[in-house]
1. Collect the residues in region 77-88 that are outside any helix (DSSP H, G or I) and touching a residue at least 60 places away in the same chain (Cβ under 8 Å), keeping them in residue-number order.
2. Name the one entry in SER31, SER18 that is polar (S, T, N, Q) and over 27 Å from ALA86 (Cα atoms).
3. Of the residues that sit in region 1-36 and are without any contact (Cβ under 8 Å) to a residue 40 or more places away in the chain and not in a helix (DSSP H, G or I), which one is farthest from ARG103 (Cα to Cα)?
4. Please name all residue pairs, on different chains or six or more residues apart, with Cβ atoms under 6 Å, provided the first residue is in region 94-109 and is under 11 Å from ASN40 (Cβ atoms) and the second residue is at pLDDT 85 or above and in a helix (DSSP H, G or I).
5. Tell me which of these LEU168 doesn't satisfy, since it passes every other one: (1) within 23 Å of TYR82 (Cβ to Cβ); (2) surrounded by 17 or more Cβ atoms within 10 Å (Cβ to Cβ); (3) modelled with pLDDT of 80 or more; (4) among the aliphatic types (A, V, I, L, M).
6. Can you confirm whether CYS152 is hydrophobic (A, V, I, L, M, F, W, C), in contact (Cβ under 8 Å) with a residue 12 or more places away in the chain, surrounded by fewer than 23 Cβ atoms within 10 Å (Cβ to Cβ) and in contact with a helix residue (DSSP H, G or I) (Cβ under 7 Å, 6 or more places away or on another chain)?
7. Could you list, in sequence order, the residues of region 101-132 that are surrounded by fewer than 16 Cβ atoms within 10 Å (Cβ to Cβ), more than 20 Å from THR171 (Cα to Cα) and either touching a helix residue (DSSP H, G or I) at 6+ places or on another chain (Cβ under 7 Å) or of a type in the set (D, E, K, R) (or both)?
8. May I ask you to list the residues in region 89-108 that are part of a helix (DSSP H, G or I) and within 12 Å of LYS179 (Cβ to Cβ)?
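The values are calculated or read from the model by the stated rules, or taken from the named source; none is laboratory data. From a predicted model like this one, the values you see are computed outputs, not experimental measurements. Neighbour counts are summed over all protein chains in view; Cβ atoms, including those assigned to glycine, are modelled from backbone coordinates with ideal geometry.
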Amino acid sequence: MPQQMVVIVWILTYLVGSIPVAYLASKARGSNVLEVGTGNPGAANTFRKIGRGTGVAVFLWDFQKAVVPVILMEKLGAPGMYAFVAGLAAMLGHCYPILFRFRGGMGLATAFGVAVGMFPLLALAHGALMFAILVKARDVLITSIIGYVSFCVFGLWLYRHSWELVLLVCTLPVLAALKNYFTEELIAPKVQ
């Protein structure tokens, strides 16, 4: 795959990731996700404050905008790192969308999409476990923290033979945790 094509895919993936789907979906429902709940334009706030069906639709969009480019890059024969960066571009677009003045969601669904594209068995098994914890705990923040740590631990164990894979596995939760931390710091006073 030519280097120029790879860069074009990364840029397009970032731009697609920048589409503020939670905001658009909430406006279509006659509300504004930025003005309810945490004010975060992501799937969790949409699910809680706009509606379950809309929240699920936003989650699926946020998930697929990362998993599709990762799988596409792999199918086109790009090295694993290039595929990972394509997913990372979608995640950066979601978290820092140029089309929405760099105010995006926390990137949990998008990070999950990258993980499923890169590490399907680990990500799907881990996703099922995190969903069970979320149902029990009913707290996205606590579930996310458990998820960040456990994903790294499982990744370290599963991919211990390859430092490149360990680095990739651990990069996703670290980036999501940083975005989550800074988002919580910025929106904490708005939570009602």
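1. Step one: of region 77-88, the residues outside any helix (DSSP H, G or I) are 77-79.
The answer is GLY77, ALA78.
2. On the way: SER18 fails: over 27 Å from ALA86 (Cα atoms).
Testing whether each residue is polar (S, T, N, Q) and over 27 Å from ALA86 (Cα atoms) leaves just SER31.
3. That would be PRO2.
4. Between residues of region 94-109 that are under 11 Å from ASN40 (Cβ atoms) and residues that are at pLDDT 85 or above and in a helix (DSSP H, G or I), the close pairs are GLY104/HIS94; GLY104/CYS95; GLY105/HIS94; GLY107/MET91; GLY107/HIS94; GLY107/CYS95.
5. (3)
6. Numbers: hydrophobic (A, V, I, L, M, F, W, C): yes; in contact (Cβ under 8 Å) with a residue 12 or more places away in the chain: yes; surrounded by fewer than 23 Cβ atoms within 10 Å (Cβ to Cβ): yes; in contact with a helix residue (DSSP H, G or I) (Cβ under 7 Å, 6 or more places away or on another chain): yes.
Yes: the conditions hold for CYS152.
7. Selection gives ARG101 alone.
8. Going residue by residue through region 89-108, those that are part of a helix (DSSP H, G or I) are 89-95, 98-100, 108.
Those that are part of a helix (DSSP H, G or I) and within 12 Å of LYS179 (Cβ to Cβ): MET91, LEU92, HIS94, CYS95, LEU108.
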